[in-house]
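Asks: Pasting a structure here, questions to come.
The values are calculated or read from the model by the stated rules, or taken from the named source; none is laboratory data. Predicted model only: the values in this text are computed from it and were never measured. Cβ coordinates were reconstructed from backbone atoms using ideal geometry, including for glycine residues, and neighbour counts include every protein chain displayed. Heads up: the accessible areas ignore ligands, DNA and RNA and are worked out on the full protein's heavy atoms, side chains in. Shrake-Rupley method; radii C 1.70, N 1.55, O 1.52, S 1.80 Å.
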Amino acid sequence: RSRTYRLNVMRTCAQCHGASGAEQGRPGGNVAALFEDSIHGRALLRSGLTVAPSCVSCHGAHDIAPPNEAASKVNRANVAATCGACHEGIKRQYLGGTHGALVQNGDPRAPVCVDCHSAHHIQRADVEQWQVDVIREGGNCHTDKLRTYRDTFHGKVTELGFARVATCANCHGAHEVLPASNPASPVS
């Protein structure tokens, strides 16, 4: 029954970061509803998997800091480490790629986990709709590449909503994205 029990934390946070909190102008808007419908939220709240991430997994319990503070667990420079606490293998792949190198070199424009997977509404990556939608995310940075991809057969088919065709990640990788000049790159 404790408000800080793992299965209750989200509801505790939702008191300020849920619909009623958003209506009162509190920070974060209605992120609780987004989280509840995410893969992490469903695992925690619907399946009762206490190993699934809760709000404190990413934001901390007593050391919560806004994203713009360097010490914040959700600061862009720290997102890979925060997500990597559970997704260690993916973190290693990401840090070994171009995007991870940009983050490690302090580039604030470098894409981090939440740019493709979102922060609170994380969905299963093996779902076709997500695979089609994520192309738009990569296209936010690589608009010239998205435009030429859309001219190809693969681009036309994904634009129609079909995922059983080559997408960006199929050729370039999903997390360890490397430049074509790197012999380890799938597009080298």
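Asks: Just give me the residues in the stretch 145-188 being open to solvent by 60 Å² or more (accessible area, probe 1.4 Å) and either of a type in the set (Ser, Thr, Tyr) or touching a Gly at 6+ places or on another chain (Cβ under 7 Å) (or both), in sequence order.
Replies: Hits for the stretch 145-188 are Thr148, Glu176, Ser181, Pro186, Ser188.
Asks: Among all residue pairs at least 6 apart or on different chains, which show Cβ distances below 8 Å where the first residue, located in the stretch 101-121, is under 12 Å from Cys141 (Cα atoms) and the second is among the polar types (S, T, N, Q) and at pLDDT below 90?
Replies: Asp115/Asn140
Asks: Let me ask something additional. Check Ala110 against each of (1) touching a helix residue (DSSP H, G or I) at 6+ places or on another chain (Cβ under 6 Å); (2) at pLDDT 90 or above; (3) open to solvent by 40 Å² or more (accessible area, probe 1.4 Å) and name the one condition it does not meet.
Replies: Every condition holds for Ala110 apart from (3).
Asks: Also: Let me spell it out: the conditions are (1) in contact with a Phe, Trp or Tyr (Cβ under 9 Å, 6 or more places away or on another chain); (2) under 25 Å from Ser188 (Cβ atoms); (3) not acidic (Asp, Glu), and Gly97 meets all of them except one. Which number is the exception?
Replies: (1)
Asks: How about the stretch 98-188: which helices (runs of 4 or more DSSP H) wholly inside it have at least 3 residues that are closer than 18 Å to Ser38 by Cβ and not aromatic (Phe, Trp, Tyr)?
Replies: Correct list: 113-117, 128-141.
Asks: One residue is enough: does the stretch 81-93 have a residue meeting the conditions part of a loop (DSSP other than H, G, I, E, B), open to solvent by 40 Å² or more (accessible area, probe 1.4 Å) and farther than 28 Å from Val177 by Cα?
Replies: no
Asks: Okay, moving on. Condition check: closer than 15 Å to Glu137 by Cα, polar (S, T, N, Q) and touching a Lys or Arg at 6+ places or on another chain (Cβ under 9 Å). Does Thr158 satisfy that?
Replies: Considered against the rule, which asks whether it is closer than 15 Å to Glu137 by Cα, polar (S, T, N, Q) and touching a Lys or Arg at 6+ places or on another chain (Cβ under 9 Å), Thr158 comes out as yes.
Asks: Now for a separate question. Just to be sure, is Gly96 surrounded by fewer than 20 Cβ atoms within 10 Å (Cβ to Cβ) and under 26 Å from Asn182 (Cβ atoms)?
Replies: It is true that Gly96 is surrounded by fewer than 20 Cβ atoms within 10 Å (Cβ to Cβ) and under 26 Å from Asn182 (Cβ atoms).
Asks: Filter the stretch 42-64 down to residues that are open to solvent by less than 80 Å² (accessible area, probe 1.4 Å) and β-branched (Val, Ile, Thr) and give me whichever is nearest to Ile122 (Cα to Cα).
Replies: Restricting to residues being open to solvent by less than 80 Å² (accessible area, probe 1.4 Å) and β-branched (Val, Ile, Thr), the top hit is Val56.
Asks: Follow-up. Confirm whether Val134 is without any contact (Cβ under 8 Å) to a residue 60 or more places away in the chain, surrounded by fewer than 15 Cβ atoms within 10 Å (Cβ to Cβ) and in contact with a helix residue (DSSP H, G or I) (Cβ under 6 Å, 6 or more places away or on another chain).
Replies: Taking the combined requirement at face value, the residue does not satisfy it.
Asks: Another question about this same structure. For residues in the stretch 21-32 being open to solvent by 40 Å² or more (accessible area, probe 1.4 Å) and at pLDDT 65 or above, which is nearest to Arg46 (Cα to Cα)?
Replies: Only one residue tops the list, namely Asn30.
Asks: Let me ask something else about it. Name the residues in the stretch 67-80 that are of a type outside the set (Gly, Ala, Ser), farther than 16 Å from Ile122 by Cβ, open to solvent by less than 60 Å² (accessible area, probe 1.4 Å) and in a loop (DSSP other than H, G, I, E, B), would you?
Replies: Asn75
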